[in-house]
1. How are the C-alpha pair distances of region 264-377 spread across 10 Å bins, as whole percents from the shortest bin up?
2. Provide 35, 80, 236 in ascending order of the number of other Cβ atoms located within 10 Å of each residue's Cβ, fewest first.
3. Report the percentage of all Cα-Cα pairs in region 209-255 whose separation exceeds 15 Å, rounded to a whole percent.
4. Given 4 °C and 1.567 mPa s, how large is the Stokes-Einstein diffusion coefficient of region 42-191 in µm²/s, with Rh as the Kirkwood radius over Cα pairs?
5. So for region 110-240, considering every pair of alpha-carbon atoms, how many percent are separated by more than 20 Å?
6. Can you give the translational diffusion coefficient of region 172-286 in µm²/s, computed by Stokes-Einstein from the Kirkwood radius over Cα pairs at 4 °C and 1.567 mPa s?
7. State the Cα centre-to-centre distance between region 40-78 and region 300-317 in whole Å.
8. Can you check what the Kirkwood hydrodynamic radius comes to for region 220-291, Cα pairs only, in Å to one decimal?
Ligand SMILES: [Fe+2]
């Protein structure tokens with residue numbers, strides 16, 4: 001093969017940790033992300049859709065502009081941040097978590113602690129999301145340093161008006177290294193998993209689909225999910241289950257009068273199963289805390305919120321079993337890209353105010369809608 005068409009990038013699948021069986025995650029070696037050849041780009045794209053989460057080490061010097069460029073490889077027509085301007089809403093549950101880089105507004109800063117200057121932002125205080133602010137029942141103060149929870153399993157998506165981003169990238173700029181924590185499910189199963197403090201955890205939506213019974217797979221292929229309009233404001237009064245996998249149903253969601261105006265044609269009704277654009281595999285992709293209704297194959301709408309959530313929880317819970325959870329052990333300079341349409345992810349852990357942590361996150365509202373199960377034979 002002529003040299004010009006080969007890539008120097010090597011793809012090394014990451015072996016699952018002890019006792020784990022997840023099949024996602026790969027490290028990509030020898031990439032110069034500031035100067036990619038067409039064959040490098042093809043290698044990276046293939047690796048993302050084969051492995052769902054890809055990690056490049058030692059990328060501390062990557063500029064926000066280069067991060068934006070690499071993230072756009074998966075959707076060159078996308079230009080604006082995945083949540084658009086919706087983060088401006090002070091009542092959104094996402095509002096405290098993200099700060100926009102002024103000169104590259106598709107890139108957000110997330111983390112923990114006080115930062116006097118970073119990429120044009122001055123005197124910012126970052127807050128690592130803590131399950132205490134989102135879960136109904138929380139770990140006690142005494143348990144909180146050694147234990148943690150999944151904060152919120154999710155897909156990065158506005159789920160109103162805008163299309164779910166194809167990919168999200170995360171650059172670990174500053175990482176306080178401390179001890180591992182025990183992540184507890186606290187759902188009566190006794191399930192728990194050891195994670196590095198502040199790990200981002202991923203599960204494969206494809207595995208989440210694969211472990212379903214044939215009957216449930218068919219139901220998932222045939223059913224659509226209607227998301228609440230302005231979902232992150234809508235859910236702001238409600239509280240999460242202890243697994244971070246959706247909300248407890250207590251009637252605490254905001255009603256229409258408390259939300260910004262709703263335009264019916266911007267409400268998102270998406271398939272339950274999303275197709276991998278390269279491998280063709282199906283992923284069970286549901287944002288569990290934003291679901292409002294289910295649309296069944298015969299057109300019946302399930303609109304009892306507790307029933308909707310119970311159905312979704314029963315389908316998704318097997319896919320977050322401890323052995324299926326891939327926890328990233330962040331080191332400074334790690335640059336990760338994940339297939340946002342093929343994984344669910346969550347923040348974990350908690351940090352003290354003096355434990356300063358800085359990450360850069362980038363994604364764009366997609367130029368194309370989600371591909372459902374029916375689009376291919
Ligand atoms: Fe996220």
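1. Using 10 Å bins, I get a P(r) of 9, 34, 35, 17, 5, 0 for region 264-377.
2. Numbers: 35 8, 80 12, 236 20.
Ranking 35, 80, 236 by Cβ neighbours within 10 Å, fewest first, gives 35, 80, 236.
3. Details: 650 of 1081 pairs.
So the portion of pairs separated by more than 15 Å is 60 percent.
4. Working: Rh = 17.9 Å.
Translational D for this selection: 72 µm²/s.
5. Values: 5398 of 8515 pairs.
When every Cα pair of region 110-240 is considered, 63 percent fall beyond 20 Å.
6. Numbers: Rh = 17.5 Å.
Once the numbers are plugged in, D ends up at 74 µm²/s.
7. Cα centroid of region 40-78 versus Cα centroid of region 300-317: 35 Å apart.
8. Values: mean 1/r = 0.0729 Å⁻¹.
When all Cα pairs of region 220-291 are included, the Kirkwood radius is 13.7 Å.
All of the numbers you see were taken from the coordinates with simple rules; none came from a lab. None of these values were measured; they are calculated from a predicted model. A quick note on method: Cβ atoms are made from the backbone with ideal geometry, for glycine too, and the neighbour counts reach across all protein chains shown.
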